[in-house]
Amino acid sequence: EPNPEDEENVIDESTVRLRDLPLSIGGSIGYGYDFGDNWQHQMLLEKMLASDLDTIYPVCIAGERSAPPEDVGGAGSYAKFIEAIADPDHEDHDANLEWVGGHFDPEAFSVGEVNKRLRRRPRRARER
């Protein structure tokens, strides 16, 4: 839950759709994820595409780099995690790799995998 004393304009994501936000091309919004770890994301509207009635939304069309493992901590903890798994001599190397199942590639990205996750709550354009 966001801090009620926070002076920033906070919107509950369950009450609004991205298309309803007052954004124009080149505009951006901030998004806070996991308030304990304070991941801050900036989303930039680069262009708007026409809806396709046969497409399941939301849909990822491009991206880069792997998402950090859940519960890795904030950005500083993630940097330490990456440092440890990249260095076989690091004292936390083996423990961190075991924690993520033996392998983690921070440069990996798969549009297909992202779209699998996004399809947990599918909506067709005509249903929106």
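Any read-out appearing in this document is the output of simple, stated calculations on the displayed coordinates, not a laboratory observation. Fair warning: this is a prediction, and the values are worked out from it, not measured in the lab. Please note: Cβ atoms are built from the backbone with ideal geometry, for glycine as well, and neighbour counts cover all protein chains shown.
Annotation: amide H-H contacts under 5 Å for Tyr57 (H modelled 1.01 Å from N, sequence separation of 5 or more, or interchain): Arg123, Arg124, Ala125.
Ranked by the mean number of other Cβ atoms within 10 Å of their residues, highest first, the peptides 95-107, 76-88 come out as 76-88, 95-107. Listed peptides 64-71, 20-27 appear in the order 64-71, 20-27 once ranked by packing, highest mean of other Cβ atoms within 10 Å at the front. Close amide-amide hydrogen proximity is noted between Asp92 and no other residue 5 or more places distant or on a separate chain, at a cut-off under 5 Å (H modeled in the peptide plane; Pro and chain starts excluded).
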